[in-house]
1. From the square roots a ≥ b ≥ c of the eigenvalues of the alpha-carbon gyration tensor of segment B:1-124, which class results: rounded (a/c under 1.5), prolate (a/b over b/c), or oblate?
2. In segment A:16-320, how does Rg compare with the Kirkwood Rh, expressed as the Rg/Rh ratio over alpha carbon atoms?
3. Amide H neighbours of B:Ala231 under 5 Å, at least 5 residues apart or on other chains, H built in the peptide plane: list them.
4. When Cβ neighbours within 10 Å are restricted to other protein chains, what is their mean count per residue of peptide A:195-202?
5. May I ask you to list the residues of segment B:145-172 whose amide nitrogen lies under 14 Å from a point 7 Å from Cα along the Cα→beta-carbon direction of B:Asp28?
6. How would A:Met263, A:Met44 rank on accessible area, largest to smallest, probe 1.4 Å?
7. So for each of B:148-161, A:22-35, A:239-252 I average, over its residues, the number of other beta carbons within 10 Å; can you give me the resulting order with the highest mean first?
8. Just the Cα atoms of segment B:168-229: what Rg and Dmax do they give in Å?
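The values are calculated or read from the model by the stated rules, or taken from the named source; none is laboratory data. The shown structure was predicted, so the numbers you read here are calculated from the model rather than taken from an experiment. Please note: Cβ atoms are built from the backbone with ideal geometry, for glycine as well, and neighbour counts cover all protein chains shown. Heavy atoms of the whole protein, side chains included, go into the accessibility calculation; ligands, DNA and RNA do not. Shrake-Rupley method; radii C 1.70, N 1.55, O 1.52, S 1.80 Å.
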Amino acid sequence: MASGSEFAGPVSQRSGPAVALAVIALGALVPVFAGSTYVVSVAMQVEILMCLALGLNFVVGYAGMLDLGFAAFFAIGAYTTGLLSVDLHWPVLTTLPVALLAALAGAVFIGAPTLRLRSDYLAVVTLGFGEIIQNLVNNLSQTGGPEGIYGIPALSIGRFSVTSTAGYYYVFLVLVVLFAAISLRVRRSRLGRAWLAIREDEDTAQAMGIKVRRYKLYAYMAGSVFGSLTGSFYAPAFIAIAPPSFGFSESLLVVMAVSIGGMGSVWGALLGAGVVIAFPEIFRQFAQARLLVFGIVLVVIMVLRPQGVWPEGGLGLARRARPVWAWARGMWVRTRPEKTPEARLGGPVGAPEESK
Amino acid sequence: MPALSVVDLTLSFGGLNALGEVNLEVPDRSLFAVIGPNGAGKTSFFNCVTGYYRPTRGSVRLDGREISGLPVDEVARLGVRRTFQNVRVFPKLSALENVLAGAHLRTSANLATSVLGTPRARRHERELAAEAQRWLEYVGLAGKARVLAGDLPYGMRKRLEVARALIAKPSVLLLDEPAAGVSSVERDELADVVGKTWREGVTVVMIEHDVELVMRLASTVAVLDHGRLLAVGAPETVRNDPRVIEAYLGRRRSQGPWSQA
Ligand SMILES: Nc1ncnc2c1ncn2[C@@H]1O[C@H](COP(=O)(O)OP(=O)(O)O)[C@@H](O)[C@H]1O
Ligand SMILES: [Mg+2]
């Protein structure tokens, strides 16, 4: 057996490249066939939530911590970019490093003192952090208070500047692909394994020499980087940003996306983001009732598939196909013509029938 | 120098002394067995050595270096690995990934190479995966690389823990009842693995109830009872030690290790 190349990634990651290419191709065609800007903008919202979900997936899915204030990092990215580009006229791209540093500082600020806490306390602390950031931008005059920041200049790359919804749709498509690729790669690296070991059993992970608190902080930092980058592109895409987009409900949406899809699974997080945005949009004509129905659907999903719609171990298609395959093979063996003695000679030596 | 030297090791839980003034030396490259009835303090002893418990008093030295009170991951860094009495594999990781997790300290990957996956980092990953595969074979789990550890039967999970410990190339390996609750076939395989590991130069400390296994494998045996060290020495000596016989036979004749003797 070529055990050198043997990699024990879950099924979903082995079949990954083919699935990924198909999904990217489909994604790239959305603006072409969308027919209306509305559809493209909903699709873009899906992408944005996908980006955020992939960020939170480091924290919740990989490292197994609860974070109810993830929108804080989204806000840090959006506001840093918004402020620097509007007040100081920095090009959007040049604001990215500052936004990243600000997010990392936030992650360390919230993570370093609290990561020794058990999960439920951590949930409270992160919730508080989310509230603090939202209140801060809501009350500071520098961030525009409740009105937020508007007139954020377009993202320009070289001489090319992105001004249409479809343009930003593609920007976020690139971001989703990049984030997903990084997530999948990290999952199979030393860093990812350390996170998963911590999620599974942190006391035992420590016996492998893994510095648990340090790695938990890394998870926060990785999540903050994705969250803040998403925010930095969100600002020019929407031209105006305001505090309500960065509150608890946004954090909750991200948590839902990650947990509906299946904790720790990249494909699950992407699918979850799609479900969380698309469902309420599709049933828009039912007005308020759609949220009730959505809530019921969530509960049903959690009861029927607590591991998520697309969990880490894959969809289990291979496992489910096995009995069918075995049956089909049995049929074939029974119905094929008897082999002649000559044919038998060509078969494997060492007659295994004797042992029966 | 002994691999481990334990002086006056005492561990109290409230009024109860899980360990009381234990003094012993684990010779370098020995196969050291720890036996004793349930609740004798055997697992507590492992927990004190590996940093899970901070001893109330006393010292544990590894190659002459004080390690009691160090955090768990520091002790691991110094070359001590263990398995757990109640198996603690990472259930949602594949068998191969479990073993790879054990190699955490042997991989040089830093944050950047983990994210970027440089060619060198990827080659290193492949080599490590191949080695992990060999460790799976070593403990008799060759075909199980992709199976989720949580889906493996009990005996295999126990052996997976051994592989996860061994890939770290420990200098001292602590096995907490590796053969408890497994079939007799698996027990023999496990004895082979332990013997092989020891012959390769690893100091093995093994908690084990199966006295026949202990007598066959161990070079030194220590007997704990109520947190106290009753006897320590060569298997034959310990077996005939009157205090050991009394501790086992005096209490419950039918449940002692040598009750049939
Ligand atoms: N964390 C703990 N808290 C309280 N008592 C404990 C703890 N760990 C072990 N003990 C007690 O210490 C004694 C020794 O336990 P242990 O080391 O597990 O024994 P053994 O492994 O020899 O069966 C037992 O009486 C047990 O109840
Ligand atoms: Mg025990």
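1. prolate
2. 0.96
3. Amide H neighbours of B:Ala231: B:Val223.
4. Taking all residues of A:195-202 together, the mean is 4.
5. Counting only backbone N, you get B:171-172.
6. The residues order as A:Met263, A:Met44, largest area first.
7. B:148-161, A:239-252, A:22-35
8. Values for segment B:168-229 (Cα only, Rg and Dmax): 12.0, 34 Å.
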